[in-house]
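A quick write-up on the structure given underneath.
The values are calculated or read from the model by the stated rules, or taken from the named source; none is laboratory data. Values in this document were obtained by computation on a predicted structure and should not be read as measured data. Counting neighbours? That spans all protein chains shown, and the Cβs are built from the backbone with ideal geometry, glycine included. These area figures cover heavy atoms from the full protein model, side chains too; ligands, DNA and RNA do not enter into them. Shrake-Rupley method; radii C 1.70, N 1.55, O 1.52, S 1.80 Å.
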Amino acid sequence: MQLVEVHSALDHHRFRAALGIGLEPAQRPDWFAHFDEVLRSSSWFQPYLRRTPHQRWILRDQRATIGRIMAMHPAEGPSRFGLYSCIDNPEASLALTRAAEAWARDRGSRIIIGPFNPSIHDECGLLEHSTCPSLYGYPQTPEHYIDNLEFCGYQRAKRLLTFLQTDERNATRIAARMQPLLEVMPEHGLRLEVAKWSTLGRDVQWVEHLINNCWGSNWGFEPIGKAEARNLVLKVLMFLPRGVLSFVSLHGKPVAVSLGIPNAKEIASELNPSLGILNLPQLFLRLRRCQCKRGRIALLGVIPELQGSQLSLMACTAMLRHLINTGQALGSCSASMGWILEDNHSMLRFLKLYGGEQVMSHLIMAKSLDTLDQEQ
């Protein structure tokens with residue numbers, strides 16, 4: 001086996017082509033997964049990678065790529081690894097992880113966590129349990145990824161949960177009970193607003209401010225910058241239905257944010273696989289029209305100052321009802337909600353109240369780098 005640092009264009013191509021190594025034939029990534037991989041792993045499309053030092057490796061056995069990994073050293077928090085793929089071979093995984101660990105330790109890190117693909121705001125974790133595999137934005141990884149990393153000394157650090165709205169009637173009943181609260185929102189200075197082109201500059205500022213404040217104290221959180229906020233808002237405005245990115249303001253100041261996205265994986269599966277990326281115009285059109293049965297509530301948060309208050313309940317209920325109504329008007333019948341930290345008990349209670357049922361769990365693994373000297 002030969003470990004290769006990725007620098008050349010050919011090695012970058014081999015790194016991306018290694019998506020899904022170790023998966024069964026039926027689980028192999030399709031054209032859309034490879035397209036999404038380019039968007040998530042390329043510095044051209046990922047502002048996070050442009051501002052975060054990182055290094056990639058591929059593992060070769062004769063002429064075949066049998067594994068890959070990327071290490072990242074963010075400005076805040078521990079070093080991270082991501083975009084991990086490997087055959088079912090603990091020794092191969094050990095060669096990859098040791099390279100990432102040594103690189104991270106050379107930059108002063110004492111711990112490394114992951115996988116993040118490439119950040120906590122994208123796909124992350126290793127699949128532990130799933131009863132609903134056809135959802136966009138959640139990694140579909142084989143069981144041996146977890147076994148390989150445990151062989152390399154990694155421990156389970158945090159579990160990320162995903163819920164699916166399976167009881168629309170319950171959500172409708174709860175919304176009806178909350179209607180009196182929603183009707184008095186203006187009296188409390190609360191207002192629901194949606195992102196649009198005419199308020200692009202304001203929306204970018206609000207997204208950056210709200211994401212960094214609403215989730216700033218969460219485990220593993222990384223602040224986003226203006227470039228990442230702008231990238232998010234532009235993608236929403238260009239490719240998704242109007243109204244899926246919404247805010248709640250209190251006397252004109254932003255206090256809550258929500259984002260719903262169509263299930264792009266479901267849409268892509270209905271297109272002609274032989275056309276590959278030639279399907280993109282049709283994919284973007286169907287995304288814009290939300291032509292899928294399921295969506296995803298990717299963001300739903302309130303600033304810490306209001307959490308646990310009646311204003312917070314009003315804001316969350318208003319945003320969730322808006323997303324449900326928007327999705328139903330476009331033909332969606334349910335939505336996944338994730339990921340949610342396993343110890344975020346208040347959000348777990350809120351999602352269960354709205355008829356959510358847990359359908360997935362993903363694991364984040366961690367390793368202390370103080371053990372490297374002992375291993376070597």
**Asked** Taking a 1.4 Å probe, which of 284, 32 shows the most accessible area, and what order do the others take after it?
**Response** 284, 32
**Request:** Select from 218, 325, 308 the residue farthest towards the positive end of the dipole of the chain; place +1 on Cβ of Lys and Arg, -1 on Cβ of Asp and Glu, and compute about the Cα centre.
**Result:** 325
**Request:** Could you sort 126-132, 313-319, 176-182 so that the peptide with the highest average Cβ count within 10 Å comes first and the rest follow in order?
**Result:** 313-319, 126-132, 176-182
**Request:** May I ask you to compute the full-extension gain from residue 183 to residue 44, defined as 0.36 nm times their residue separation minus their alpha-carbon distance, rounded to one decimal in nm?
**Result:** 45.5 nm
**Item:** Accessible area of residue 24 in the full protein assembly, 1.4 Å probe (Å², nearest 10)
**Value:** 120
**Request:** Give the carbon-plus-sulfur fraction of the accessible surface of the chain in %, rounded to a whole number; probe 1.4 Å, heavy atoms of protein chains only.
**Result:** 52
**Request:** Any chance you could check the Cα centroid distance between segment 205-252 and segment 108-155 for me, in angstrom?
**Result:** 24
**Whole-number accessible area per residue in Å² for the chain, which is evaluated in the context of all protein chains at 1.4 Å** = 46
**Fill in**
Summed over the other residues with a beta carbon less than 15 angstrom from that of residue 131, with K and R at +1 and D and E at -1, the charge totals -1
**Probe 1.4 Å, all protein chains present, accessible-area order of 221, 151, 81, largest first** = 151, 221, 81
**Environment charge of residue 364, counting only residues whose C-beta is closer than 10 Å and scoring Lys/Arg +1, Asp/Glu -1** = +4
**Asked** Separation of segment 298-346 and segment 51-107 by C-alpha centroid, Å?
**Response** 35
**Asked** Helix 310-330 versus the longest principal axis of the chain: what is the Cα-based angle in degrees, 0 to 90, to the nearest 10?
**Response** 80
**Item:** Neighbourhood charge, 15 Å Cβ-Cβ cut-off, centred on residue 10 and excluding it, Lys, Arg +1 and Asp, Glu -1
**Value:** +4
**Asked** How much of residue 261 can a 1.4 Å solvent probe reach, expressed as accessible area in Å² and rounded to 10?
**Response** 30
